[in-house]
Amino acid sequence: MEEKEIFEKVKDAIVDALGVDDDEVKAESSLFDDLGAESLDLLDIVFRLEKTFGIKIPRGAIQLDILAAEGVKESDVLVDGAVTELGAKLLREHMSEVKPEKIKAGFRLDDIPTLFTVQTFVKMVKAQLAAK
Amino acid sequence: MRVGTDITEVGRIRELMNRHPEFRARVFTAQEIDYCESKRRPFEHYAARFSVKESVMKALGRGWLQGLEWTDIEVARRASGEPSIAAGGSLQAAMQQLGISRFVVSLSHCSTHATAVVIAL
């Protein structure tokens, strides 16, 4: 499936879940800051995407991805729930759709969903479709 | 010691559970479902349990997108009626990693909202 088609379907899911206008949803739109999502909305969007694309978005998707770099241990990238300098660097690389200045050492792992943009979901779906 | 708190709209939980039938089993354990379904207003109880789960995640600083399974955070009840947490695999692993041995839980709900406070010790 082409990325453009994935984007359109992700956009539809977000429009329906959040009740926002079609033209408000752009690849770079932040789910929380721009589109007003709350944590329950993310679950709603994930369930919709799983249904639409016939995939399952795995638990730990983000953490596993930043730890996937060779030779990286969890203690190298995370201390007391916050990312280290190395963790921030890997997270910036992994979430290249997010403005890099938003991810600094000390950023809390459980705040990652606040970084999500529409493109984050496009990438998640694309990765799961490729793994199918 | 770590603290987490959360507030959940009962209507949103009802809407999500009606829209996504899989929500119930992905988020709640069989014991939690039995408990909530035995109540006259089950969605208030589901919302309260959802708030507890979110509070545990906030207290630990990691959530369902960072490896914690919703169903590994089970809201149980002591004989006294006090709510407690029964920890499944992914929660036990996080507790061990963070040096947490137990949780103290308080929850409350009305027809519109449910709220919880969790202290991790």
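We did not get these values from a lab; they are worked out from the coordinates using the rules stated. As the structure is a computational prediction, the values presented were derived from the model and not from experiment. Backbone-built Cβ (ideal geometry, glycine too); neighbour counts: all protein chains shown.
Relative contact order for chain A using alpha-carbon pairs under 8 Å, separation at least 6, rounded to a whole percent? Before the final figure, lay out the partial values.
Details: 139 pairs, mean separation 42.7, N = 132.
It rounds to 32 percent for chain A.
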message: What are the ³J(HN,Hα) couplings of the stretch B:94-108, residue after residue, when phi is run through the Karplus curve with 6.51, -1.76, 1.60 and θ = phi - 60°? Round to Hz, x for glycine and proline.
response: 5, 5, 4, 5, 9, x, 9, 9, 7, 10, 10, 10, 9, 9, 8
task: For residue B:113, enumerate residues with amide H under 5 Å from its amide H, sequence gap 5+ or separate chain, H modeled in the peptide plane.
output: B:10
message: If I fit a long axis through the Cα atoms of helix A:39-53 and take the longest principal axis of the Cα atoms of chain A, what angle between them do I get, 0 to 90°, rounded to 10?
response: 70 degrees
query: Tell me, what HN-Hα J-couplings in whole Hz come from the Karplus equation 6.51 cos²θ - 1.76 cosθ + 1.60 at θ = phi - 60° for each residue of the stretch A:27-37, using x for Gly and Pro?
result: 3, 8, 5, 7, 4, 7, 6, 8, 9, x, 6
query: Got a sec? How would B:106, A:96, A:30, B:55 order by Cβ neighbour count within 10 Å, fewest to most?
result: A:96, B:106, A:30, B:55
field: For chain B, the longest site-free run once trypsin sites (Lys or Arg not before Pro) in DSSP loop states with at most 16 other Cβ atoms within 10 Å are removed
entry: B:1-38
query: With a ≥ b ≥ c the root eigenvalues of the C-alpha gyration tensor of the stretch B:1-109, is it rounded (a/c under 1.5), prolate (a/b larger than b/c) or oblate?
result: prolate
- prompt: If contacts are Cα pairs under 8 angstrom and at least 6 residues apart, what is the relative contact order of chain B in percent?
  reply: 37 percent
- request: Any chance you could give the angle, 0 to 90 degrees and rounded to 10, that helix A:118-131 forms with the longest Cα principal axis of chain A?
  value: 80 degrees
query: To the nearest 20 debye, what is the magnitude of the charge dipole of the protein assembly as shown about its Cα centre, counting +1 on the Cβ of each Lys and Arg and -1 on the Cβ of each Asp and Glu?
result: 860 debye
- prompt: What does the charge dipole of chain A about its Cα centre add up to, to the nearest 20 debye, if the Cβ of each Lys and Arg holds +1 and the Cβ of each Asp and Glu holds -1?
  reply: 520 debye
message: How tilted is helix B:10-19 with respect to the longest principal axis of chain B? Cα atoms for both, answer in degrees (0 to 90, nearest 10).
response: 80 degrees
statement: Heads up, the protein assembly as shown by the C-alpha gyration tensor (a ≥ b ≥ c square roots of eigenvalues; a/c under 1.5 rounded, else a/b over b/c prolate, else oblate) looks oblate
task: Would you order B:118, A:118 from fewest to most other beta-carbon atoms within 10 Å of each residue's own beta-carbon?
output: A:118, B:118
- prompt: Which entries of A:11/A:73; A:9/A:99; A:99/B:58; A:9/A:102; A:89/A:126 show an alpha-carbon separation above 31 angstrom in the structure shown?
  reply: A:11/A:73
- prompt: Residue by residue through the stretch A:77-86, which ³J(HN,Hα) values in whole Hz follow from phi under the Karplus form 6.51 cos²θ - 1.76 cosθ + 1.60 (θ = phi - 60°), with glycine and proline marked x?
  reply: 10, 9, 10, 6, x, 10, 7, 7, 4, 5
statement: Proxy exposure order for A:1, B:1 (fewest C-beta within 10 Å first) is B:1, A:1
- prompt: Which cross-chain or sequence-distant (5 or more) residues have an amide H under 5 Å from the amide H of residue B:73, H modelled 1.01 Å from N in plane?
  reply: B:88
- prompt: What residues qualify as long-range amide H neighbours of residue A:79, i.e. H under 5 Å apart, gap of 5 or more or another chain, H built at 1.01 Å from N?
  reply: A:84
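Suppose R0 equals 35 Å; then what is the FRET efficiency for residue A:80 and residue B:108 from their Cβ-Cβ distance, rounded to the nearest 0.05?
About 0.75, to the nearest 0.05.
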- request: Return the whole-Å distance between the Cα centroid of the stretch B:20-95 and the Cα centroid of the stretch A:42-57.
  value: 21 Å
